[in-house]
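What follows is one structure encoded as structure tokens, with my remarks underneath.
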Amino acid sequence: MKIGFIGLGNMGAPMARNLLNHGHALQAFDLNDAALRDLAECGATACASPKAAATDVELVVTMLPAAAHVRSVLTDEQGVLAGIAPGVTIVDSSTIDPASAQVFAKLAEARGNAFVDAPVSGGTGGAAAGTLTFMVGANETLFERIRPILGAMGKNIVRCGDTGMGQVAKICNNLLLGITMTGVAEAMSLGAALGIDAKVLAGIINTSTGRCWSSDTYNPYPGIVDTAPASRGYTGGFGADLMLKDLGLAAEAARTAKQPIFLGALAQQLYQAMSASGQGGLDFSAIISLYRRGAAPQ
Ligand code: NAD
């Protein structure tokens, strides 16, 4: 299939490479020339705008930081909606608020296009391995149509409901992730301060009731998980500012639903403090620097 792919960051680049590896033809765009060049070297056609990337394709995928970026990529003069043919579906895998996804679906519908929210979980490792979980907001017919394409980038492709419900699932998951990462950072730091070997403590947690993804796959303490950002100076991975954005999305959604999120609000403030100290570009597991001075690079 010929696919337009826009947004080649930490997640988008490996996802696009998996589409290429599955034999799809890609027309790609990113504001970052180096990212675009890298993907072109893997066989994609580099385009000069979202409009060009969306012209003469059978599907468009976007993987952008936040709703404002999705809006501009869709609606700018050189945007996707200016180039896309009627009937072609747009799949947005960015994490954005459910209400914006519903607005974008209406904008696309007015041009004869379907817009599907399909945010992902699994991190950059899952993106590279093609094992992401896709949380899809779409009607059943549309879901069945795009499922094989998403299968080139992910392992669990789940329909969560109609438009916006993929984003609801995603922000609830990331609300929990923000909290569990903070909890693991707190427990590992306390253990280290009390003198236990960090590897021994992690081993106990990971075979005990405290075990979670933040402890066994992405432990924030350096040297516990070789493939985790903590073992490479908190680079790559999932930026703390993106986690802060997601906790903000959860807080706003909770406000509209009149639903309390006590721990989420506290986690949001902790990531806010991290961002304010200039560490928002580091992986979110560097939240451990709030507990261990000098743990993360400044
Ligand atoms: P990133 O910041 O690494 O990449 C975003 C890319 O979008 C960059 O290459 C940037 O140049 C590009 N971009 C920004 N504005 C653009 C525009 N107007 N036109 C074209 N390109 C533009 O972000 P990421 O880590 O790849 O995350 C992307 C999305 O996926 C976010 O919504 C994030 O919350 C979500 N997410 C990230 C992870 C993770 O582990 N990194 C996991 C799950 C979900």
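The values are calculated or read from the model by the stated rules, or taken from the named source; none is laboratory data. None of the values given here were measured: they were computed from a predicted structure. Please note: Cβ atoms are built from the backbone with ideal geometry, for glycine as well, and neighbour counts cover all protein chains shown.
Structure above, values below:
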quantity	calculated
The stretch 158-173, subset in contact (Cβ under 8 Å) with a residue 60 or more places away in the chain and not in a helix (DSSP H, G or I), residue surrounded by the most Cβ atoms within 10 Å (Cβ to Cβ)	THR163
Where THR207 falls short, out of the listed (1) free of Cβ contacts under 8 Å to residues at least 12 places away in the same chain; (2) surrounded by fewer than 18 Cβ atoms within 10 Å (Cβ to Cβ); (3) in a helix (DSSP H, G or I)	(3)
Residues of the stretch 137-157 classified as assigned to a strand (DSSP E or B) and surrounded by 16 or more Cβ atoms within 10 Å (Cβ to Cβ), total	3
Criterion: surrounded by fewer than 24 Cβ atoms within 10 Å (Cβ to Cβ), closer than 23 Å to LEU19 by Cα and either not assigned by TED's automatic domain parsing to the domain that holds LEU242 or not basic (Lys, Arg) (or both) - qualifying residue of GLY130, GLY112	GLY130
Matching helices (runs of 4 or more DSSP H) fully within the stretch 10-92 where at least 1 residues are acidic (Asp, Glu), within 12 Å of the ligand (Cβ to nearest atom) and within 23 Å of the chain's Cα centre (by Cα)	33-41
Failed criterion for ASN113 (all others in (1) over 21 Å from THR133 (Cβ atoms); (2) within 18 Å of the chain's Cα centre (by Cα); (3) in a loop (DSSP other than H, G, I, E, B) hold)	(2)
Number of positions in the stretch 106-158 that are within 13 Å of the ligand (Cβ to nearest atom) and of a type in the set (S, T, N, Q)	4
Enumeration of residues in the stretch 1-44 that are touching a residue at least 12 places away in the same chain (Cβ under 8 Å), surrounded by fewer than 18 Cβ atoms within 10 Å (Cβ to Cβ) and closer than 18 Å to ALA152 by Cβ	MET1, LYS2, ASN21, HIS22, ALA25, CYS42, GLY43
Failed criterion for GLY278 (all others in (1) in contact (Cβ under 8 Å) with a residue 24 or more places away in the chain; (2) more than 20 Å from the chain's Cα centre (by Cα) hold)	(1)
Residue match in the stretch 232-244 (condition: on the phi < 0 side of the Ramachandran plot, buried (at least 24 other Cβ atoms within 10 Å of the Cβ) and assigned to a helix (DSSP H, G or I))	yes
LEU176 free of Cβ contacts under 8 Å to residues at least 24 places away in the same chain, in contact with a helix residue (DSSP H, G or I) (Cβ under 9 Å, 6 or more places away or on another chain) and closer than 22 Å to SER94 by Cβ	yes
Only one of ILE196, ILE224 that is buried (at least 17 other Cβ atoms within 10 Å of the Cβ), more than 21 Å from the chain's Cα centre (by Cα) and more than 26 Å from ILE171 (Cα to Cα)	ILE224
The stretch 93-105, residues that are within 11 Å of the ligand (Cβ to nearest atom) and among the small types (Gly, Ala, Ser)	SER93, SER94
Qualifying position, being assigned to a helix (DSSP H, G or I), surrounded by fewer than 21 Cβ atoms within 10 Å (Cβ to Cβ) and at pLDDT 95 or above, among LEU176, LEU247	LEU176
Inter-residue pairs, beta-carbon under 7 Å, first under 14 Å from ALA108 (Cβ atoms) and in the same structural domain as ALA118 (by TED's automatic domain parsing) and in the stretch 67-84, second among the small types (Gly, Ala, Ser) and in a loop (DSSP other than H, G, I, E, B), 6+ apart	VAL70/SER94; VAL73/GLY79
